[in-house]
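The values are calculated or read from the model by the stated rules, or taken from the named source; none is laboratory data. Bear in mind that the values here come from a model prediction, so they are computed numbers and not experimental data. Quick reminder, even Gly has a Cβ in these numbers, built from the backbone with ideal geometry, and neighbours come from all protein chains shown.
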Amino acid sequence: MEHAKIKHFINTQDWSQQELKDMLVLAGELKKKPWQNSLQGKSIALLFLNPSMRTRTSFELGMQQLGGVAIVLQPGKDAWGIEFNPGAVMDGDAEEHIAEVAGVLSRYCDMIGLRCFPEFKDWDTDRNDPVIKALAQYSSVPVVNMETIVHPCQELALMQTLYERIGEVQNKKFVLTWTWHPRPLNTAVANSAALIATKFGMDVTLLCPEPAYILDSQFMDEAEKNALEHGGSFQVSHNIESAYVGADVVYAKSWGALPYYGKPEDEWELRKNYRHFIVNEEKMALTNNAIFSHCLPLRRNIKATDAVMDAPYCAAIDEAENRLHAQKAMLLTLFKQN
Ligand code: CP
């Protein structure tokens with residue numbers, strides 16, 4: 001059964017710029033006064049199909065600070081494995097279907113959060129974000145995306161951090177740079193950074209080594225649409241120097257080349273050539289005294305040097321802290337809207 005009227009937090013594209021800005025204002029207030037009772041008696045189930053440090057801690061602590069309860073479940077580890085495909089003949093490892101999991105958790109809890117990275121097998125399937133869509137289909141309470149093929153909670157924390165560090169962001173130059181990493185990672189944070197920076201009217205440059213690293217067309221198209229609508233711009237560059245010149249923000253992330261999705265050995269033949277995409281002091285010196293950030297976790301001296309991570313312009317820890325405040329604001333907003 002589909003519950004069409006529920007407002008979820010699955011993708012920031014479902015929310016207006018003003019609604020997101022209002023969340024950030026509320027996040028700023030919550031940062032000053034973290035302990036409140038606004039969610040007393042409320043609960044959220046947090047389903048983690050992948051590891052987490054920041055997301056888990058900030059959601060659990062955030063609910064406690066608001067007087068609510070968070071229950072963490074790791075299906076396949078401390079809870080039954082879940083089948084997400086509709087109509088599946090369940091003769092594999094999964095003991096129960098998302099239809100029952102969502103139905104039961106909706107009776108116990110007021111919201112359900114899900115972290116489920118793509119499977120890295122078939123991008124044509126994963127690009128539709130089928131797992132969180134199945135959860136939303138069967139849930140009768142709001143669903144929160146804790147990272148699938150986008151990471152909307154990270155987007156809020158990033159924007160809160162940018163407002164704190166540089167004030168108004170309209171038409172500031174935001175460089176989203178691909179970085180070296182030994183294996184192909186999820187595109188979620190890169191997709192999300194492109195979406196939110198364009199949604200807030202920034203002049204966004206997606207810097208990546210070659211066309212194979214351009215993001216999925218659905219996110220490229222939405223970023224372009226956002227830029228048009230909000231007075232910013234969106235371009236792709238493969239030139240490190242010109243991309244860094246004049247940047248106000250350098251945001252780093254590594255991700256896999258989509259044409260090689262599910263074929264890491266083939267992708268390696270490209271990837272091995274691009275170790276020089278590390279963020280270092282020489283590149284940061286080309287910028288307009290930019291702030292640097294990353295969603296974390298980050299491999300030091302692989303994605304960014306120690307000097308960059310330890311510099312005063314590095315806002316990665318601020319951004320991680322702001323996950324707590326921004327998510328609390330998002331949860332309060334979701335409770336109000338449902
Ligand atoms: N940035 C982020 O989501 O961190 P975790 O993977 O530790 O939750």
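Structure data summary
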| quantity | calculated |
| --- | --- |
| Residue, farthest from A102 (Cα to Cα), within the stretch 32-61, restricted to residues that are away from the ligand (no atom under 16 Å from the Cβ) and outside any loop (DSSP other than H, G, I, E, B) | K32 |
| Some residue of the stretch 153-163 being within 16 Å of the ligand (Cβ to nearest atom), among the β-branched types (V, I, T), assigned to a helix (DSSP H, G or I) and buried (at least 20 other Cβ atoms within 10 Å of the Cβ) | yes |
| Residue match in the stretch 102-116 (condition: within 16 Å of the ligand (Cβ to nearest atom) and in contact with a Lys or Arg (Cβ under 8 Å, 6 or more places away or on another chain)) | no |
| Residues of the stretch 164-197 satisfying the condition of being within 15 Å of the chain's Cα centre (by Cα) and assigned to a helix (DSSP H, G or I) | A188, V189, A190, N191, S192, A193, A194, L195, I196, A197 |
| Strands (runs of 3 or more DSSP E) fully within the stretch 233-324 counting 3 or more residues that are among the aliphatic types (A, V, I, L, M) and surrounded by 15 or more Cβ atoms within 10 Å (Cβ to Cβ) | 249-253 |
| Pairs where the first residue, in the stretch 152-180, is within 16 Å of T198 (Cβ to Cβ) and modelled with pLDDT of 95 or more and the second is surrounded by 24 or more Cβ atoms within 10 Å (Cβ to Cβ) and among the acidic types (D, E), C-beta under 6 Å, 6+ apart | L158/E319 |
| Flag if V144 is among the β-branched types (V, I, T), outside any loop (DSSP other than H, G, I, E, B) and farther than 20 Å from Y244 by Cα | yes |
| Residues of the stretch 299-320 satisfying the condition of being within 16 Å of the ligand (Cβ to nearest atom) and free of Cβ contacts under 8 Å to residues at least 40 places away in the same chain | R300, M309, C314, A316, I317 |
